[in-house]
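I have placed the structure first, in the form of structure tokens, so that the comments after it can refer back to it.
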Amino acid sequence: MTVRRLAEKQPESFAFSDVNREWAEWRISLYPPGRQASAVISLLWRAQEQEGWVTEPAIEAVAAMLDMPKIRVLEVATFYTMFHLEPVGKIAHLQVCGTTPCWLRGANDIKEVCRKRINREQFHLSEDGNFSWEEVECIGACVNAPVVQINADLYEDLTAESLGALIDDLAAGRPVKPGPQIDRQFSAPQGGPTTLTTIEGASPSKGGSGAPQPQTPINAAKPTAAAGSPPDPTGAVSQAVEKAEDGLTTKEKREEKISETEAHEAAAAVDDITDADKPAPIASPRDGRPDDLRRISGVGPKIEGILHELGIYHFDQIAAWEPRQIAWVDDKLQFKGRIGRENWVEQARALAAEGGRSGSA
């Protein structure tokens with residue numbers, strides 16, 4: 001691992017914004033007395049989201065909030081490469097994987113694009129200050145090599161040409177699509193599955209008629225099972241969970257909870273979305289105080305800003321979204337299915353019940 005030091009040039013001071021300070025205090029409160037240091041990574045990350053990088057004054061502020069020696073916080077900031085110790089590009093910081101699988105698949109060509117388009121040297125800004133880059137060790141998406149992490153998203157199956165186009169789109173403010181940059185679904189084989197695609201039918205000698213039996217795809221969707229759910233043939237686990245959760249009856253729980261699979265499939269099935277399906281916006285946050293939408297897992301500062309532009313400021317607005325509205329927002333944010341996969345609506349419903357920052361009108 002390379003030596004990581006703080007930048008020589010540092011700002012004079014750091015202070016969390018009012019919203020971020022409130023969030024930091026809430027985060028610290030999740031840990032029992034004497035264990036506040038457990039929030040150090042969360043607070044450093046929020047400081048980086050606010051400033052773009054982790055400054056020495058930010059490290060000192062986090063240390064003071066958590067009653068930790070400064071050196072302990074510095075150890076964390078310098079150990080984890082996700083923390084930027086010097087300024088990065090205002091639009092994007094590119095982390096280029098150079099480990100063996102990516103190297104074999106063209107990572108050197110990717111790095112050369114960064115040298116030509118951004119700066120000859122790593123950790124240096126482009127002339128306009130909008131981009132920066134660095135080489136990192138394994139990002140963990142080797143099947144889709146070569147891979148570049150841009151801000152919080154992975155861009156996979158890259159070539160020198162597709163990375164150049166990606167930089168052009170980012171610079172122009174055009175929407176970009178994370179994930180594979182070729183015709184591939186996630187990490188599935190290029191061209192689709194090649195093995196384990198069927199289950200052999202029953203032997204003619206045991207089938208009675210001798211006719212070939214239909215072959216069922218192994219990965220065929222089971223209409224009654226939620227994606228990712230473990231087998232539960234007797235239903236005992238599901239029944240136990242239903243009875244235990246908040247004292248709700250089975251009927252109440254079923255009426256309240258729409259499974260992730262159903263929500264995702266309903267949104268995916270909508271293909272005639274128009275602006276009439278846009279969730280009802282509000283002109284400004286109630287009482288001038290928006291909810292901290294970043295408390296929803298999957299919502300960062302950039303997405304929160306886009307939601308504000310769409311007139312979405314409060315948890316209860318998101319909690320009320322129907323499938324067509326989810327599909328409209330999915331399309332607007334350019335990440336099909338993410339809202340369903342990350343259960344934004346259920347998260348927002350729970351946060352709205354806590355009161356959020358503004359609560360209901």
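The values are calculated or read from the model by the stated rules, or taken from the named source; none is laboratory data. Just so it is clear, the structure is predicted and the values come from calculations on it, not from any experiment. We place every Cβ from the backbone using ideal geometry, glycine too, and count neighbours over all the protein chains shown.
Things to note:
- Test: Asp128 is more than 21 Å from the chain's Cα centre (by Cα), within 25 Å of Ile306 (Cα to Cα) and either surrounded by fewer than 15 Cβ atoms within 10 Å (Cβ to Cβ) or not aliphatic (A, V, I, L, M) (or both): yes
- The number of residues in the stretch 97-116 being among the basic types (Lys, Arg) and surrounded by 14 or more Cβ atoms within 10 Å (Cβ to Cβ) comes to 2.
- In the stretch 31-62, residue surrounded by the fewest Cβ atoms within 10 Å (Cβ to Cβ) [restricted to those that are of a type in the set (Gly, Ala, Ser) and in contact (Cβ under 8 Å) with a residue 40 or more places away in the chain]: Ala61
- If you go through the stretch 286-335 and keep only what is surrounded by 19 or more Cβ atoms within 10 Å (Cβ to Cβ) and of a type in the set (S, T, N, Q), you end up with Gln317, Gln325.
- The set of residues in the stretch 63-96 that are among the charged types (D, E, K, R), surrounded by fewer than 17 Cβ atoms within 10 Å (Cβ to Cβ) and either assigned to a loop (DSSP other than H, G, I, E, B) or touching a residue at least 12 places away in the same chain (Cβ under 8 Å) (or both) comprises Asp67, Arg72, Lys90.
Conditions (1) outside the structural domain of Trp26 (by TED's automatic domain parsing); (2) in contact with a His (Cβ under 7 Å, 6 or more places away or on another chain); (3) modelled with pLDDT of 90 or more, marked per residue:
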position: Pro279; (1), (2), (3): yes, no, yes
position: Gly288; (1), (2), (3): yes, no, no
position: Asp291; (1), (2), (3): yes, yes, yes
position: Pro301; (1), (2), (3): yes, no, no
position: Leu310; (1), (2), (3): yes, no, yes
position: Asp330; (1), (2), (3): yes, no, no
position: Arg341; (1), (2), (3): yes, yes, no
position: Arg349; (1), (2), (3): yes, no, yes
position: Ala361; (1), (2), (3): yes, no, no
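- Set Ser42, Ser17: member being of a type in the set (S, T, N, Q), more than 20 Å from Lys90 (Cα to Cα) and out of contact with any Gly (no Cβ under 9 Å at 6 or more places or on another chain): Ser42
Yes/no matrix, rows are residues, columns are (1) acidic (Asp, Glu); (2) outside any loop (DSSP other than H, G, I, E, B); (3) within 14 Å of Gln95 (Cβ to Cβ); (4) touching a residue at least 24 places away in the same chain (Cβ under 8 Å):
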{"residue": "Glu112", "(1), (2), (3), (4)": "yes, yes, no, yes"}
{"residue": "Gln122", "(1), (2), (3), (4)": "no, no, yes, no"}
{"residue": "Ser132", "(1), (2), (3), (4)": "no, yes, yes, yes"}
{"residue": "Glu135", "(1), (2), (3), (4)": "yes, yes, yes, yes"}
{"residue": "Gly164", "(1), (2), (3), (4)": "no, yes, no, yes"}
